[in-house]
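Q: Below you will find the structure I want to go over with you.
The values are calculated or read from the model by the stated rules, or taken from the named source; none is laboratory data. All figures in this text were calculated on a predicted structure; none of them were measured in a lab. Here the Cβ positions follow ideal geometry from the backbone for every residue, glycine too, while neighbour counts run over all protein chains shown.
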Amino acid sequence: MSKKDTKKKNPLISSLSDNIHKKWNYTDDKVGVELKKPPVCPICSTEEDKAHMVMRWVKNEIVYKGSNYEPVEVAFKVAYKCPMCAWVAYFFVPCDHIYWTKILMIRKNVTLYYPPLEVWSSEDKKIAEQLESLGYFGGRGDL
Ligand SMILES: [Zn+2]
């Protein structure tokens, strides 16, 4: 993650607003885009403990307009999910058509990308450890 943070701004997508660039990394790999700071779950987070959400998938999307379904815009649809309560947040991240096509080529024309499941399970383990540190021992037969 920190390696990607240090990457220079992609010239292919320089026409996008600065606000989008501030929030998203354009990764130049099969992921395509990712939030610089993972979102926190509004249901599970407390003031002391932020429950970070995990990326579940990224999809290349085409936006169509009118009755002729004329393509007008390309973007990445990104889903983040809370490992604790399963709440899902979707983002619709605009991008340059050249960058969008490049990512699609990297993925060999597969529009949907799922990050490896280990990311999800390592989050589960981390969350289990957090819960145990708070005194929850459910599911281990300790209750
Ligand atoms: Zn949650």
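Q: Are any residues in the range 46-78 among the polar types (S, T, N, Q) and either under 16 Å from H97 (Cβ atoms) or in a strand (DSSP E or B) (or both), and if so, which ones?
A: Of all residues in the range 46-78, those among the polar types (S, T, N, Q) come to 46, 60, 67-68.
Within the range 46-78, N60 is the sole residue that qualifies.
Q: When residues of the range 46-75 are filtered for being at pLDDT 95 or above and touching a helix residue (DSSP H, G or I) at 6+ places or on another chain (Cβ under 8 Å), how many remain?
A: 1
Q: Oh, and also: Just give me the residues in the range 79-97 being assigned to a helix (DSSP H, G or I) and either closer than 12 Å to G32 by Cα or within 16 Å of the ligand (Cβ to nearest atom) (or both), in sequence order.
A: none
Q: Among the numbered criteria (1) aliphatic (A, V, I, L, M); (2) at pLDDT 90 or above; (3) not in a loop (DSSP other than H, G, I, E, B), which single criterion is violated by I43?
A: I43 satisfies all of (1) aliphatic (A, V, I, L, M); (2) at pLDDT 90 or above; (3) not in a loop (DSSP other than H, G, I, E, B) except (3).
Q: Just wondering, is there one or more residues in the range 20-39 that are farther than 19 Å from P116 by Cβ, over 12 Å from the mean Cα position of the chain (by Cα) and within 16 Å of the ligand (Cβ to nearest atom)?
A: no
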